[in-house]
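Written below as structure tokens is the structure these notes are about.
The values are calculated or read from the model by the stated rules, or taken from the named source; none is laboratory data. Remember, it's a predicted structure, so these values are computed and weren't measured experimentally. Reconstructed Cβ throughout: ideal geometry from the backbone, glycine too, with neighbour counts over all protein chains shown. Accessible surface is based on the protein model in full, side chains and every heavy atom, while ligands, DNA and RNA are left aside. Shrake-Rupley method; radii C 1.70, N 1.55, O 1.52, S 1.80 Å.
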Amino acid sequence: MDLVSLISEAVLGLTKDGVITQELGIIWSQMREFILIPTLNVAVFLCLTMSVMLFIERLYMGVVILIVKLSGRKPEKRYKWEEMKDDVELGNSNYPMVLVQIPMYNEKEVYQLSIGAACALSWPSDRIIIQVLDDSTDPVIKDLVEIECQMWASKGINIKYEIRSNRNGYKAGALKEGLKHSYVDMCDFVTIFDADFQPDPDFLYKSIPYFVHNPEVGLVQARWKFVNANECLMTRVQEMSLNYHFRVEQEVGSSTYAFFGFNGTAGVWRIAAIREAGGWKARTTVEDMDLAVRASLKGWKFVYVGAIKVKSELPSTFKAFRYQQHRWSCGPANLFRKMVMEIIRNQRVDLWQKVHVIYSFFLVRKIIAHIVTFSFYCVVIPTCVFFPEVVVPIWGVFYVPTIITVLNAIETPRSIHLVIFWVLFENVMSLHRSKGTLIGILEAGGRVNEWVVTEKLGDTLLKPKDNNKPDIKSSKKSRFSAFRERLHLLELGMGTYILVCACYDAMFGKYWYFVYLFGQTVAFYVMGFGYVGTLIPPS
């Protein structure tokens, strides 16, 4: 008897006592046996395959980074590097002309820090130009930034304050317009610092020599150092993920293929490389990665120098972090969609570099890593508790993720005791990352090119409260609005589903999944109710 016949008989049996229950039971059994269990088995197979791909990639990078550290293959040994010194005959002309770009948008809390740090760079004053690219829409903030630039100009700093009539292209548009000014023609290199980045004075003395003695080098990327990593638990777990990105992913790409994704800031570009690659493009929300891929296809080499550290700020509010992660997951997937054929057809780079960019850089790290984390650990494994016929091997549930976790955690030894929180936090965030990845790869929805500037707090939390300001009591409406803004329905919905799975497994299961599922439920609820990150103090 087929499924359609069973449904028809069930509908006709509504008038017969007990028949409907029996028929529905048969329908459920048929659906379970011929639809749900096979589908779940396929999902398990696909998730295990993606897990193995991710595991091999992490293991490979672990082996490479170990060889790099044991062999002492530092960048200054792989590339010619000599300290730049004054030349009596040539004078300051011995130093290349450097442009420093600082793109900003309504950066009230951090504009002074970034401009001040850039103006304090120790480089011959006649061989450096500071360019502040202000896209601010708040006239008060715009005036403050302009006054700050005028103040530094009065001290003899060669600083330019540039504005646009629109925000077309967002950051990419601002950087592109910045390079069009006539005074840029005399510059050889451009270094970019986002508004919350503060380079040390010797930044240029450490980075520029890689270009001077190696004409094939197009980019030198420095490492980020987080000034607010200890602010809250959310910033601590972010630090763990980003430390792995810089210390392993960037280092491996630099030392093996001379390619990695530009991080958009704290890096120096050879202007000739930017122009040969076609300049800045705003076709995705990862204009930095877009430029890096195009420049690498032209044959330019990239150098990551972990010894150069630039202070920066991690997003400490959950709202800011969610927007940032959407951009960082949607953008690469969308760029992969746009560039995969261009990479395949390219004649300038060898086959192995193409495989590295397409498979390792894009497919495994930017797409599979996000999708498998959410689909396997937040959907498939919880659902399996209702279907004991579906067996997930213990190596896929425990051994593989444990090894991946350990490889990540050892890059931040001071936070090793927080590794459980890191796992649960990353699983929750995989909900947004996988959603962003699918939006990018399918180019679906209005959020594919959504650009929301990551909110920075600067030293807001350290400033004493002004007691002279009158306290304004919030109305019931405003309190309700504040509470509503803290609710995140996607997290609450997933948390509820996993809670149901955990309870069922605790009562009827045999694999002890509920030990993990209850912990994941708590993580989804904590973030769903907004009890994560810091709260911005009222002004």
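Which whole-number percent of Cα pairs in region 209-319 have a distance greater than 20 Å?
So the portion of pairs separated by more than 20 Å is 44 percent.
Taking 7 Å along the Cα-to-C-beta vector as the label spot, tell me the Ser125-Val406 distance in nanometres, rounded to one decimal.
5.7
Which FRET efficiency value, to the nearest 0.05, do you get for Arg167 and Val52 by plugging their Cβ-Cβ distance into 1/(1 + (r/R0)^6) with R0 = 41 Å?
FRET efficiency, Arg167 to Val52: 0.40.
Hey, with R₀ at 45 Å, roughly what FRET efficiency would Ala307 and Tyr511 work out to, going by the Cβ-Cβ distance, to 0.05?
For Ala307 and Tyr511, the calculated efficiency is 0.45.
Report Rg (one decimal) and Dmax (nearest whole number) for region 378-429, counting Cα atoms only, units Å.
Gyration radius and largest Cα-Cα distance of region 378-429: 13.4, 42 Å.
When only C-alpha pairs under 8 Å and at least 6 residues apart count, what is the relative contact order of the chain, in percent? Mind dumping the intermediate values first?
Values: 767 pairs, mean separation 88.9, N = 539.
It comes to 16 percent, rounded to a whole number.
First measure r as the distance between the Cβ atoms of Arg32 and Arg275, then evaluate 1/(1 + (r/R0)^6) with R0 = 51 Å and state the FRET efficiency to the nearest 0.05. If you can, show how the numbers build up before the last one.
Numbers: r = 61 Å, r/R0 = 1.20.
That gives a FRET efficiency of 0.25.
For the full complex of protein chains and a 1.4 angstrom probe, list Val406, Val364 by accessible area with the highest value first.
Descending order: Val406, Val364.
Restricted to Cα positions, what overall size does region 132-171 have along the principal axes? Three whole-Å values, descending.
Dimensions of region 132-171 along the principal axes of its Cα atoms: 33, 19, 13 Å.
Enter the Cα centre distance for the pair region 49-98 and region 270-330, rounded to the nearest angstrom.
17
From the Cα gyration tensor of region 198-270, with a ≥ b ≥ c the square roots of its eigenvalues, which class applies: rounded if a/c is under 1.5, or else prolate if a/b is larger than b/c, or else oblate?
Oblate.
Under 14 Å from a point 7 Å along the Cα-to-Cβ line of Asn158: which residues of region 71-102 have their amide N that close?
92-101
Please report the carbon-and-sulfur percent of the accessible area for the chain; probe 1.4 Å, protein heavy atoms only, DNA, RNA and ligands left out.
61
Based on DSSP, what percent of beta bridges with both residues in the chain are antiparallel, to the nearest 5?
30
Sticking with the crude label model, points 7 Å out along Cα→Cβ, report the distance from Thr39 to Leu492 in nm, one decimal please.
Placing both labels 7 Å beyond Cα along the Cβ direction yields 2.7 nm.
Using every Cα-Cα pair within the chain, state what percent have a distance larger than 37 Å.
When every Cα pair of the chain is considered, 39 percent fall beyond 37 Å.
Before rounding to the nearest 500, sum -39500 (n - 2.57) across all DSSP H runs of length at least 4 in the chain and divide by the residue total; then give [θ] at 222 nm in deg cm²/dmol.
About -15000 deg cm²/dmol.
In degrees from 0 to 90, rounded to the nearest 10, what is the angle of the helix 514-528 Cα long axis to the longest principal axis of the chain?
Long axis of 514-528 versus the principal axis of the chain: about 50 degrees.
Hey, can you find the accessible area per residue of region 490-539 for me, probe 1.4 Å, expressed in square angstrom?
Normalised by residue count, the accessible surface of region 490-539 is 55 Å².
Of the cross-linked pairs Lys155/Lys301; Lys80/Lys338; Lys176/Lys206, which ones have a Cα-Cα span greater than 31 Å in the structure shown? Present the calculation step by step, with values, prior to reporting the outcome.
Values: Lys155/Lys301 37 Å; Lys80/Lys338 35 Å; Lys176/Lys206 26 Å.
Pairs exceeding 31 Å: Lys155/Lys301; Lys80/Lys338.
What value does region 261-329 have for Rg/Rh, both radii from Cα atoms and Rh as Kirkwood defines it?
Rounded to two decimals, Rg/Rh equals 1.02.
By the scheme Lys and Arg +1, Asp and Glu -1, what is the net charge of all other residues having a beta-carbon under 15 Å from that of Arg58?
Neighbour charge sum, excluding Arg58 itself: -2.
What is the helix-to-structure angle for 476-486, meaning the angle in degrees between its Cα long axis and the longest Cα principal axis of the chain, kept from 0 to 90 and rounded to the nearest 10?
90
First select every other residue whose beta carbon is under 13 angstrom from the beta carbon of Gly331; then total the charges, Lys and Arg +1, Asp and Glu -1.
With Lys, Arg at +1 and Asp, Glu at -1, the net is +4.
Measure nothing fancy, just the Cα-based angle from helix 37-71's long axis to the longest principal axis of the chain, in degrees from 0 to 90, nearest 10.
Its long axis makes an angle of about 30 degrees.
Report the trypsin sites (Lys or Arg not before Pro) located in region 320-396 that are in a DSSP loop and have at most 11 other Cβ atoms inside 10 Å of their Cβ, or state none. Can you show the working numbers first?
Numbers: sites: Arg322, Arg327, Arg337, Lys338, Arg345, Arg348, Lys354, Arg365, Lys366; in loops: Arg348.
Answer in residue order: Arg348.
Assuming 0.36 nm per residue, please report the length gained on full extension of the stretch Met151 to Val19 beyond their Cα-Cα distance.
This chain segment gains 38.9 nm when fully extended.
Where only protein heavy atoms count, and the probe is 1.4 Å, what is the accessible area per residue for region 82-127 in Å²?
47
Quickly work out the Leu233-to-Asn94 label distance, labels modelled 7 Å from Cα along the C-beta direction, and quote it in nm with one decimal.
Taking the two extended label points, one gets 5.6 nm.
What's the long-distance tail for region 259-411, i.e. % of Cα pairs beyond 29 Å?
Value for region 259-411 (Cα pairs over 29 Å): 32 percent.
Once fully extended, how much extra length lies between Lys69 and Arg447, figured as 0.36 nm per residue of separation less the alpha-carbon to alpha-carbon distance?
Full extension from Lys69 to Arg447 adds 132.0 nm.
Based on the mean of other Cβ atoms within 10 Å per residue, sort peptides 438-448, 190-200 so the most packed one is first. If you can, show how the numbers build up before the last one.
Working: 438-448: 16.2, 190-200: 23.4.
The peptides rank, most packed first, as 190-200, 438-448.
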